[in-house]
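Since the structure comes first, as structure tokens, the remarks are kept for the end.
Each value in this text was obtained by applying a stated rule to the coordinates, not by laboratory testing. Values in this document were obtained by computation on a predicted structure and should not be read as measured data. FYI the Cβ positions are ideal-geometry reconstructions off the backbone, even for glycines, and counts take in every protein chain you see.
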Amino acid sequence: MTTRDAVQEAVQSYYGQQLTGTADLKTSACCDADAVPSWLRPLLAKVHPEVSDRYYGCGLVCPPLLSGCRILDLGSGAGRDVYLLAQLVGATGSVVGVDMTPEQLAVARRHQDFHAQQFGYDNVSFLEGTIEQLELLPLEPGSFDVIVSNCVLNLSTDKAAVLRGVMRLLKPGGEFYFSDVYADRRLPESVQRHPVLYGECLGGALYWNDFLRLARGAGFADPRLVSDRPIWITEPQIAPLVGEARFYSATYRLFNISELEDACEDHGQAVIYRGTIPDHAERWDLDQHHSLESGRVFPVCGNTYRMLQQSRFGEHFSFIGDFSRHFGLFGGCGGGLPFASSGPAPAASGFPADTDTAGVGSQASAKSCC
Ligand SMILES: C[S@@+](CC[C@H](N)C(=O)[O-])C[C@H]1O[C@@H](n2cnc3c(N)ncnc32)[C@H](O)[C@@H]1O
């Protein structure tokens, strides 16, 4: 696979014709079906089986506080996440799904009336297009509260363009909350160009630090890692192809807040979580470095302060301090390989002896589901 068009055609063929459901996947990179939390299961039960059966996501793209939000799902596939989010935003919100594969869109659209009946309202729409050219779609700049994507950015032939498009469409204070596959290194061309590895969301996976660079280049100065899990490549035909490279499924949140800095600076600030985010009375996690217990004074860097204050989370916090003084660099916001699950490295050739120090590795099945 060489040209961008050829790559996109191969991806369309893979998801439109070759795969007929999750069971057809050859690895477990895009397969997160086991990880649905209990609070989401009743909502998932309302999704049409044909839609659920064609789920190829690698993470959970349902952050809290979505009621009334306008959401865009990039690479929405058969629509599972769109129909989950439709229930979370409710009748006053809306969800738009974008995908380039007609067969995937056909499944999503075929069941739109079914879901409208299930939910009692119709608040979704699906658009055909590529996520590298979002500006060609009838989407108002600065009109989305939240943009999500589940196991799609790795398939993109121009990831920088996707991130620029996301920034253009987000409202100020809005967030891009998305799951994708990352590698612990830059992948050799032989892996990048392998059609099955690419289709299975491995060949196009970004080296995590290159992703951070791209995100910053698009104006997302301080990407925050929410969760991660290792992907075990155990299939005998596939494992030797990826060599020593390790893969992770990770969920990041990127805020559209122009004042964010490229490092965490200490202004002597703190926040107190009010305990008012539904279903998170005791504690709420902004990301892997910020687990905020309700009622406790929690020192934060300037970026975290702004993320909380300028986003939809603002009313759920009290804010202490301002930006009038500076005390140097704020420690403890993370560095090095960011994935919590990176402890015992998931070798491509099989499972290491101690597989799950972070308690998340056990969620990954022997297959990947993109
Ligand atoms: C791994 S599947 C994930 C689908 C869906 N997010 C889910 O969780 O089931 C990837 C989807 O992204 C779509 N896709 C891949 N590259 C795309 C692009 N450049 N523009 C639009 N859609 C794309 C494919 O058509 C496919 O439906």
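Only alpha carbons enter this Debye calculation for segment 87-198, each as an equal point scatterer, and the log10 of I(q)/I(0) it gives at q = 0.09 Å⁻¹ is -0.30.
Of the trypsin sites (Lys or Arg not before Pro) found in segment 259-320, those that fall in a DSSP loop while having at most 12 other beta-carbon atoms within 10 Å are R296. Take the convex hull of the alpha carbons in segment 223-335; its mean projected area over all directions comes to 9.3 nm².
Could you give the C-alpha radius of gyration of segment 269-320 expressed as a fraction of 2.2 N^0.38 Å, taking N as the number of residues it contains? Spell out each step's value before the answer.
Details: Rg = 9.6 Å, N = 52, 2.2 N^0.38 = 9.9 Å.
Taking the Cα Rg and dividing by 2.2 N^0.38 Å, one obtains 0.97.
Taking Cβ atoms as reference points and 11 Å as the exclusive limit, the residues near V300 contribute a net charge of -1, counting Lys and Arg as +1 and Asp and Glu as -1.
If the chain between E261 and D113 were fully stretched, how many nm would it gain, using 0.36 nm times the residue separation less the Cα-Cα distance? Show your work: numbers first, answer last.
Details: separation 148, 0.36 × 148 = 53.28 nm, distance 4.50 nm.
Full extension of this stretch gives 48.8 nm more.
With the charge dipole of the chain set up from +1 on Lys and Arg Cβ and -1 on Asp and Glu Cβ about the Cα centre, the Cα lying farthest toward the positive end among the listed residues G90, F323, C301 is that of F323.
Using only alpha carbon pairs under 8 Å that are at least six residues apart, calculate the relative contact order of the chain and give it in whole percent.
19
The value of relative contact order for segment 269-320, using C-alpha pairs under 8 Å at least six residues apart, is 48 percent.
Compute the projected area of the convex hull of the Cα atoms of segment 25-168, averaged over all viewing directions, and report it in nm² to one decimal place.
Hull-based average projected area comes out at 8.3 nm².
Across the alpha-carbon atoms of the chain, the computed radius of gyration and Dmax are 19.9, 59 angstrom. Since only A183, S143, G203 are under comparison, the one whose Cα sits farthest along the positive direction of the charge dipole of segment 142-248, derived from C-beta charges on Lys, Arg, Asp and Glu, is S143.
Beta carbons within 10 angstrom, averaged per residue: use that to sort the peptides 58-71, 14-27, highest first.
Numbers: 58-71: 20.5, 14-27: 16.4.
Highest-to-lowest ranking by the protection proxy: 58-71, 14-27.
Each of L43, T276, H111 was scored by the projection of its Cα onto the charge dipole of the chain, and the greatest displacement toward the positive side belongs to T276; charges sit on the C-beta of Lys, Arg, Asp and Glu.
The Kirkwood radius of segment 117-276, taken over pairs of alpha-carbon atoms, gives through the Stokes-Einstein law at 20 °C and 1.002 mPa s a diffusion coefficient of 122 µm² s⁻¹.
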